[in-house]
Each structure stands twice: as C-alpha cells, then as structure tokens.
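Data first, discussion second: the structure below is written as structure tokens.
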Amino acid sequence: MSILTRTEGYGPTAAPDSRGVRERPMSRLVAFVIMGAFTLYFLVPIWWLAVASTKSRGQFASTAGLWFADFHLWDNLTYLFTYDGGVYLRWLGNAVIYAGVGALLGTLLASMCGYALGKYVFRGRNLLFNVILGGVLVPVTALALPLFLIFSAVDLTNTYWSVFLPSLVSPFGVYLARIYAAASVPDELLEAARLDGSGEVRTFFTVSVRLMAPALVTIFLFQFVTIWNNFFLPLVMLSDEKLYPVTLGLYAWNSQTNAVPELRTAVIVGAFVAIVPLILAFLGLQRFWRGGLAAGGVKA
Amino acid sequence: MNRHTLARSGAAAVAGTLLLAACSGGTDDGGSDGAADASACEPSDGPVELTYTGWVPGMEDAIALWNEANPDIQVTYNTGPAGNAGTYQDFFNQLEADQAPDLGQIEYDTLPNFRVQDGLVNIADCAGVMDAGEQFVDWTWQQVTFGEEGSVYAIPQDTGPMAMFYRADLFEEAGIEVPTTWDEYAEAAQAIRDEGAYITHFPRTDVNWFAGLVWQAEGRWFENDGEAWTVDLTGPQSTQVADYWQGLIDDGLVKDTAGFSDEWNNELNTGELWTWVSAVWGSNSISSGAPDTAGDWAVAPMPQWEPGANAAGNWGGSSVAVLQGSEHPYEAAQFALWLNTSEESLTALNQGGGLYPATTAGLELPALKEGLEFYGDQAIFDVFADAAAATDPSFTWGPTMAQTYNDVADGFGAALSGQGTLLDALQAGQEATISTLESQSIPVAE
C-alpha cells in the first residue's frame, strides 16, 4: 500500500480538499522548509555535474564548481563520444538493453507471480510468499559472487546473459504486485470474466493488467533504476569492455584517471549524459502513474 | 557526486569481498611448491587463442602488431578497471571458478598476494624466460622471481622510478637553491613557506608513495624467507622517513591536500605547490592537471639522505603474469616476453599508454631521449633512467598490500588532522597486517 500513498502527492492532484483538516500555516512552512532542503540536497550535485560538463579541462580545476566558465560542452561531448572508438555509445546502448528489456520482462514476471499469489488460493501460498519476501532482504551485492560461480559453471560469464538473466528477478516487484493485485482487482470482476468464458491468462492480460497498471509502472521504474545502477554484478561478471553497461564503463575510466588524466573530462560528461535516460524514463512514465490512480478510484 | 568518494566506496566494497575470496582461497603457505608446476612448459599443437586482461590504454595497438606477426597465437585483450578498483578481485573470482584469462596485468605490490593465493604459473622453464632476466632493470626481476631459484612468476612491464618535479621558475625567482638532500629540502620548505606557498603536499591516501620514500632509504617493509613473512613497517629507515615528514607536518610546511584531487590540481596550477617527489608517470599528471604552468617545471633526482648519495625509490609499475588454469603457458610466456622486451611493442606502449619500460634497453627508446616542452625542453627521462638503475633491488611487498595501505592511510589521515603521528599510523598498520596474515593462515615470523 505504501506505494499508493506515496504516489498520491506526486502530481498536482493534491488539490485542496474541502473536507480535510485545515492546515496550520506554521506546519505548512515547516514542511516546505524540509522539502526545500531535500530538494536542494538532491539537485545541487546534478547542478554541479551539469556545470562541470561544460568546462574545459583547465578551467574545471581552476574555476568555481557551481557556476559556468567558458562553454565547452560540445567539445566535451565530441571527446566523450569519440574516445576509444566511441565505446561510450556502446555502453549506453548496453545499459538501455540491460535496463530496458530487463525491466520490461522483469515487470511481466513479477506481476504474473504477484497476481497469482494475490488472487489464487493454493497450498503453500503463504510459504512461497514469505520465501520471496525473504529475498527482498538479501542485498543484490551479496549474490554477485555466488552468481558468478554458478554462471561460470555453465560457461556463461562475460556474456550479455550473465547480467541480463539475474536482472529479471525482482522479489520486491512480486511483493508490490501481490499487494496491489489483492487490493485493486476485485474477485467479482474475475468471476464475471470466467463466466464470460475468458481463460485465466486472457483475463490477466485484458482485465487485471489494466487494473494493476500503476503498480506495473512502479515496478518497471524501480527495476529500470535498479538495473541501470547495478554496478557490482557487471563488475564481477564482465571482462569484455564491449559488454559493459555505462556505470561500469565510467567506473573503469575513473579508475584510470591517474594514468590518463584527460579521462576526467570523459568521466564527468559521461556521468551527466548517463542520467538523461533515467530522467526521461521518469518524466515519460509519470502520466501513467496518475492515470492509473484515477482508474483505481473507480473500483470503490 | 564526488567521484573520489565513489571510487573509494567501490574499493571498500571490493576489499570486503577480497576477504571472502582470501578465506576460500585455502591455506596455501605462500611457500615453496613453485618448482613443481614449472615442469610442463611445452608449445601447444595447432593455433592458440590467448586472453589477456589489463588496464593500460593503447594496449590494443601493441597487440595488433603481435597478432599480425603471429597468426597461430592470437591474443584478445580485455580492459578492466585499474587493479585495486576491481580487476584483481575479478582475477581471484575467476581463479576460483577456473575461468581466469591466460594473462593478467598485476602491479608489483600485488604479485605476492597472487603468489600466496597460488594464482600464478611459474614460467621459468618456458623457453627464453630465464635468459630474459638480464634484459630487465635489476629490481623488477627480483620482484617477479621473489628471489626464488628457478622461479619466474611474471614478466616486468613498466616501472615508476621516482624523482623530484619542481617549479624551476619559482625557485629561481625566490633565490632558493634546488634541494639535493632531505635536509636541504626541509630548509627549502621553510623558505617557500615564507614566500606564502608550500613545498609540497602530504597525500593521506597514497601510502604506496610513502613506501617509495622508505624504499629509497633502503627500508624493508616485508621479507619472506620461504617459510614465513616478516613484517616491519616501523624499522629504523621507516621511522626516519616518518619522523622527517611528521616534522614538516608539525611545522605546517606541507599541505594536506589529497593527491590527484581537483583541489590538488588547482594548487599545482596556481603555484601554491612548488615540488612533487613522484614517479615518472607523474609527468603526465602535472602537465594535464596544471596546464597553465607549461614550461615552468623541471626534474631533479630525489633528495638524498646522505649528501652525494644516489638512491631512488619506485612508485607503481606492473608486470604481466600467466594465471593458473591457462592451457597455453608456453605461448602466453612468449607473448609476454615479446610485449615487454621488443622495441616495437615498447614503443607502442610508450606512445599509447605512456608506459615507462622495465627493460634497460627500453630506457633508451628515442621517445625517452627527447626534451619535453612542458618541462622547459629538459630531457626529463634521463633523470628517471638514472633513478631506475639506482633503485634498491631487494625491497619486497607483502601479500595483503590493499589491507596494509588502507590501515596505514587511516592513520595518515588522523595524523594530518593532529591525532597521533605518522609513526603511530605505521605501527597500527603493522599490527593490522600481522593479524590479517594470521587470519588467512599465512605464517608470520616472530
């Protein structure tokens, strides 16, 4: 349920509610100050990154960090995208494949699994759910090494699969999907679908998925960000530079800056470019979130 | 988004799992089974494909030369993060899973770690390897043989002989003599402070830099007699070096800026720091970090403890090792030899990756004889070539250097903020190292 309450305040839907308790101006002020502080905390590093991306190497060290010097963004971008035969673009593409396709399939798996756990009664259901819930508690970093040993037993290390397959699994997504399916897909509706002769799979894709849309978008975004930021698994699995996702590539570059100081520019501009897809994903999917919330309102 | 914090936390995560791998690596005694696995170094039948992992930029160019000339021994190169930033841990994982590349880049200070974990193939019996010894700078060969008879565990690749970079223009303007001994260096430090600047910085995290200074003073941090390790971070020479720098810190004559940071670059660029005692590859750090000072820098030998002496230390440098599990140690050794001794390869590596060769002949490469514009047209590599020859061959690294570095760096950081001294830091590093060795069942001599 937590996700519901969190998304509610997200858009401008927090319209004045006539029945609500009247807010005191003081508490409102405090809330704004706190939110403002956090906003600053999160935005200042991004601002720094944006500014630093536009600086030449010489001015990067010698000018103030939070304001612009001469504008060199295009030069820096050219350097970034041409260094080492344009490998950065490849890393970006890899990350989009890992995170995009991985999150899509991962969301499908998690939603089907969560739906089954939420809407069907079968023996061992709670045991299964508790085991999955236990999976939420295991940090992915701790799994990297065992996964590496397993994948090397089947000779799959240093391949796309070695990063892609583990990314499909999301216990947290299953958890969310179960909770949401239980709350937002009415049994009566499923009953009606069955009476009309619809199979379970068809019901899932035509009826339930729509009702669960806000949860699916949430799971997708979570998965996308998790895979995009997952650094340790590719670090352990991959040794071929061509398979790197962008995080690992930037890290590798950064670790070489002592020997090749010119790379700092590429690391900074590369980090800036690398957050763009995340921002796009969030902005692009936000409206589904809101639309889904409205749809959820109908069921009441 | 501080990139240094990012890198360090990554390193910490890696160091965490290092312990795991070290435990699972068994209780090999770091000792004497070397000769046994050296027996079978025969050429393979038919074409061979080798894999090689390292992090030298431009390595592909050298390998392309080899692949063209050797159609039957094709080498594939993978670039990873710098060793301690992840590649070493990858090697250990891959060794555990029997998936290691045939060849791996390993820095000298980490070779003992791989040796103790039994990750290296003894290639002494591979054709030409033993004979190649005399081509290399003395101390590097000592590093890859561990002083054992009939053993060669890696081929030296590059080195980091140390010298002193200094702002020739500022010294001249201020009428301060360029120091040749550490005593003069301390006097110059005071004179420079009176000018409102600092002679240098004391880097809290670059413990291997400090080790280079101890190396110059002929200190020894580790020794291995084939049975057990002796750990001695606080011997007389180490104490001397630590006390010396502690004095400069106490008198406020050195900055506490972290090395290679943006702040540090800026201080070099604006003339706040006048010298840097560093390795040959540092020339590139200065020229790219302090572009406004082009033409103002020069290089002199390291200051000496004894007037008129000629001793140098070393900071950094790598070797190429054949890793356990390789099915083609013969071909791998041939490639490693060619890569690190042939003039065409050394030239390519110097141009592409700025590597400073480990062979004595390599130090005479035409590119290393030229004057550099950034250094006022001084032929600075001559100074480093002398330093390479004057480096004590018997300095030995310990088997858990990543841990030792971390523990000493913690103490250095504290000392710079006024809690404890550099010597305390070494003492703490000593104790932590011994307990780490014991926890990994690596024998330690009393």
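Could you tell me whether any residue of the range B:368-391 is closer than 22 Å to residue B:88 by Cα and either out of contact with any Ser or Thr (no Cβ under 8 Å at 6 or more places or on another chain) or not β-branched (Val, Ile, Thr) (or both)?
So the first thing to find is which residues in the range B:368-391 are closer than 22 Å to residue B:88 by Cα, and the list is none.
Scanning the range B:368-391 turns up no residue that is closer than 22 Å to residue B:88 by Cα and either out of contact with any Ser or Thr (no Cβ under 8 Å at 6 or more places or on another chain) or not β-branched (Val, Ile, Thr) (or both).
Since residue A:95 meets every condition but one in (1) hydrophobic (A, V, I, L, M, F, W, C); (2) without any contact (Cβ under 8 Å) to a residue 60 or more places away in the chain; (3) assigned to a helix (DSSP H, G or I), which condition does it not meet?
Failing condition for residue A:95: (2).
Before we move on, is residue B:370 at pLDDT below 95 and open to solvent by 50 Å² or more (accessible area, probe 1.4 Å)? Let's see the steps before the verdict.
Working: at pLDDT below 95: yes; open to solvent by 50 Å² or more (accessible area, probe 1.4 Å): yes.
Yes; evaluated as a whole, the condition is true for this residue.
Consider only pairs whose beta carbons are under 6 Å apart and that are at least six residues apart or on different chains; among these, list those whose first residue lies in the range A:28-51 and is free of Cβ contacts under 8 Å to residues at least 12 places away in the same chain and whose second residue is of a type in the set (A, V, I, L, M, F, W, C) and surrounded by 10 or more Cβ atoms within 10 Å (Cβ to Cβ).
Cβ pairs passing all conditions: A:45/B:1.
Is it fair to say residue B:75 is closer than 13 Å to residue B:339 by Cβ, at the interface with chain A (Cβ under 9 Å from one of its Cβ atoms) and touching a strand residue (DSSP E or B) at 6+ places or on another chain (Cβ under 9 Å)?
Values: closer than 13 Å to residue B:339 by Cβ: yes; at the interface with chain A (Cβ under 9 Å from one of its Cβ atoms): no; touching a strand residue (DSSP E or B) at 6+ places or on another chain (Cβ under 9 Å): yes.
So residue B:75 fails the test.
Can you tell me which residue among A:149, A:176, A:145, A:156 is among the aliphatic types (A, V, I, L, M) and more than 14 Å from chain B (Cβ to nearest Cβ)?
Numbers: A:149 fails: more than 14 Å from chain B (Cβ to nearest Cβ); A:145 fails: more than 14 Å from chain B (Cβ to nearest Cβ); A:156 fails: more than 14 Å from chain B (Cβ to nearest Cβ).
Within the list A:149, A:176, A:145, A:156, the selection yields A:176.
What's the number of the condition residue B:374 fails, among (1) part of a helix (DSSP H, G or I); (2) closer than 27 Å to residue B:120 by Cα?
Among (1) part of a helix (DSSP H, G or I); (2) closer than 27 Å to residue B:120 by Cα, residue B:374 violates only (2).
Tell me the strands (runs of 3 or more DSSP E) entirely within the range B:148-247 that contain at least 3 residues that are under 17 Å from residue B:279 (Cα atoms).
Working: elements: B:162-167, B:222-224, B:229-231.
Result: B:162-167.
Out of curiosity, is residue B:290 at negative phi, within 14 Å of another protein chain (Cβ to nearest Cβ) and small (Gly, Ala, Ser)?
Working: at negative phi: yes; within 14 Å of another protein chain (Cβ to nearest Cβ): yes; small (Gly, Ala, Ser): yes.
Yes.
Which count do you get for residues in the range B:325-357 that are away from every other protein chain (no Cβ under 14 Å), over 26 Å from residue B:117 (Cβ atoms) and small (Gly, Ala, Ser)? Give the derivation first.
Our first condition is that a residue be away from every other protein chain (no Cβ under 14 Å); within the range B:325-357, this holds for B:326-348, B:357.
If we keep only those that are over 26 Å from residue B:117 (Cβ atoms) as well, we get B:338, B:341-348, B:357.
Filter once more, so that each one left must be small (Gly, Ala, Ser): B:342, B:345, B:348.
Matching residues across the range B:325-357 total 3.
Which is of a type outside the set (Val, Ile, Thr) and either within 25 Å of residue B:232 (Cβ to Cβ) or in a loop (DSSP other than H, G, I, E, B) (or both), of B:382, B:410, B:386?
Numbers: B:382 fails: either within 25 Å of residue B:232 (Cβ to Cβ) or in a loop (DSSP other than H, G, I, E, B) (or both); B:386 fails: either within 25 Å of residue B:232 (Cβ to Cβ) or in a loop (DSSP other than H, G, I, E, B) (or both).
Checking each option against the conditions leaves just B:410.
In the range B:249-368, which strands (runs of 3 or more DSSP E) lie fully inside it and hold 3 or more residues that are assigned by TED's automatic domain parsing to the domain that holds residue B:196, in contact (Cβ under 8 Å) with a residue 12 or more places away in the chain and under 20 Å from the mean Cα position of the chain (by Cα)? Lay out the reasoning, then the answer.
Values: elements: B:275-279, B:297-300, B:318-322.
Hits in the range B:249-368: B:275-279.
For the range A:64-87, does any single residue satisfy the condition of being in contact with a Pro (Cβ under 7 Å, 6 or more places away or on another chain), of a type outside the set (D, E, K, R), part of a helix (DSSP H, G or I) and within 23 Å of residue A:250 (Cβ to Cβ)?
Step one: filter the range A:64-87 for residues in contact with a Pro (Cβ under 7 Å, 6 or more places away or on another chain), giving none.
No, the range A:64-87 contains no residue that is in contact with a Pro (Cβ under 7 Å, 6 or more places away or on another chain), of a type outside the set (D, E, K, R), part of a helix (DSSP H, G or I) and within 23 Å of residue A:250 (Cβ to Cβ).
Of all the residues that make up the range B:259-285, how many are in contact with a Pro (Cβ under 9 Å, 6 or more places away or on another chain), of a type outside the set (S, T, N, Q) and within 12 Å of chain A (Cβ to nearest Cβ)?
Residues in the range B:259-285 being in contact with a Pro (Cβ under 9 Å, 6 or more places away or on another chain), of a type outside the set (S, T, N, Q) and within 12 Å of chain A (Cβ to nearest Cβ): 5 in total.
Could you give me the residue pairs with C-beta distances under 6 Å whose first residue belongs to the range B:196-223 and is over 14 Å from residue B:236 (Cβ atoms), whose second residue is open to solvent by 10 Å² or more (accessible area, probe 1.4 Å) and among the basic types (Lys, Arg) wherever it lies, and which are 6+ apart or on separate chains?
Correct list of pairs: B:198/B:255; B:201/B:255.
Which of (1) assigned to a loop (DSSP other than H, G, I, E, B); (2) in contact (Cβ under 8 Å) with a residue 40 or more places away in the chain; (3) open to solvent by 20 Å² or more (accessible area, probe 1.4 Å) is the odd one out, the single condition residue B:418 does not satisfy?
(2)
In the range A:134-164, which residue that is closer than 17 Å to residue A:244 by Cβ and under 21 Å from the mean Cα position of the chain (by Cα) is surrounded by the most Cβ atoms within 10 Å (Cβ to Cβ)?
A:163
Just one of A:198, A:152 is in a loop (DSSP other than H, G, I, E, B) and farther than 17 Å from residue A:99 by Cβ; which is it? First the steps, then the outcome.
Working: A:152 fails: in a loop (DSSP other than H, G, I, E, B).
Unique residue meeting the criteria: A:198.
Taking residue B:102 and the conditions (1) surrounded by fewer than 23 Cβ atoms within 10 Å (Cβ to Cβ); (2) more than 9 Å from every other protein chain (Cβ to nearest Cβ), which numbered condition does it fall short on, given that it satisfies the others?
The one condition residue B:102 does not meet is (1).
For the range A:238-253, how many residues meet the condition of being part of a helix (DSSP H, G or I), within 7 Å of another protein chain (Cβ to nearest Cβ) and open to solvent by 20 Å² or more (accessible area, probe 1.4 Å)? Full working, then the answer.
Step one: of the range A:238-253, the residues part of a helix (DSSP H, G or I) are A:241-243, A:246-253.
Cutting the leftovers down to within 7 Å of another protein chain (Cβ to nearest Cβ) gives us A:241, A:251-252.
From what's left, open to solvent by 20 Å² or more (accessible area, probe 1.4 Å): A:241.
Number of matching residues: 1.
Looking at the range B:422-445 only, could you name the residues that are closer than 16 Å to residue B:235 by Cβ and outside any helix (DSSP H, G or I)?
Filtering the range B:422-445 down to residues closer than 16 Å to residue B:235 by Cβ leaves B:422-431, B:433-434, B:444-445.
Result: B:444, B:445.
Condition test on residue B:300, is it under 20 Å from residue B:136 (Cα atoms) and surrounded by fewer than 22 Cβ atoms within 10 Å (Cβ to Cβ)? Let's see the steps before the verdict.
Values: under 20 Å from residue B:136 (Cα atoms): no; surrounded by fewer than 22 Cβ atoms within 10 Å (Cβ to Cβ): yes.
It is false that residue B:300 is under 20 Å from residue B:136 (Cα atoms) and surrounded by fewer than 22 Cβ atoms within 10 Å (Cβ to Cβ).
Across the range A:209-237, which residue is nearest to the other protein chains (Cβ to nearest Cβ) among those that are in contact (Cβ under 8 Å) with a residue 24 or more places away in the chain and outside any helix (DSSP H, G or I)?
Going through the qualifying residues, I end up with A:230.
Can you find a residue that is in contact with a Ser or Thr (Cβ under 8 Å, 6 or more places away or on another chain) and of a type in the set (S, T, N, Q) anywhere in the range A:184-194? Break it down stepwise before answering.
Filtering the range A:184-194 down to residues in contact with a Ser or Thr (Cβ under 8 Å, 6 or more places away or on another chain) leaves A:185, A:190, A:193-194.
Filter once more, keeping what is of a type in the set (S, T, N, Q): none.
The answer is no; no qualifying residue exists.
Being more than 14 Å from the chain's Cα centre (by Cα) and among the β-branched types (Val, Ile, Thr) is the filter here, so list the residues in the range B:131-186 that pass it.
B:137, B:145, B:152, B:155, B:176, B:178, B:180, B:181
Pick from B:250, B:256, B:243: which is surrounded by fewer than 20 Cβ atoms within 10 Å (Cβ to Cβ), acidic (Asp, Glu) and out of contact with any helix residue (DSSP H, G or I) (no Cβ under 9 Å at 6 or more places or on another chain)? Before the answer, list the steps.
Working: B:256 fails: out of contact with any helix residue (DSSP H, G or I) (no Cβ under 9 Å at 6 or more places or on another chain); B:243 fails: out of contact with any helix residue (DSSP H, G or I) (no Cβ under 9 Å at 6 or more places or on another chain).
None of the others qualify; the one that does is B:250.
Any residue that is open to solvent by less than 20 Å² (accessible area, probe 1.4 Å), closer than 17 Å to residue B:284 by Cβ and among the hydroxyl-bearing types (Ser, Thr, Tyr) - is there at least one of those in the range B:375-384? Break it down stepwise before answering.
Step one: of the range B:375-384, the residues open to solvent by less than 20 Å² (accessible area, probe 1.4 Å) are B:375, B:380, B:384.
Then drop every residue that is not closer than 17 Å to residue B:284 by Cβ, which leaves B:375, B:380, B:384.
Adding the requirement that they be among the hydroxyl-bearing types (Ser, Thr, Tyr) leaves B:375.
Scanning the range B:375-384, I find at least one residue that is open to solvent by less than 20 Å² (accessible area, probe 1.4 Å), closer than 17 Å to residue B:284 by Cβ and among the hydroxyl-bearing types (Ser, Thr, Tyr), so the answer is yes.
The values are calculated or read from the model by the stated rules, or taken from the named source; none is laboratory data. Here the structure is a predicted model, which is why all the values come from computation and not from measurement. Please note: Cβ atoms are built from the backbone with ideal geometry, for glycine as well, and neighbour counts cover all protein chains shown. These area figures cover heavy atoms from the full protein model, side chains too; ligands, DNA and RNA do not enter into them. Shrake-Rupley method; radii C 1.70, N 1.55, O 1.52, S 1.80 Å.
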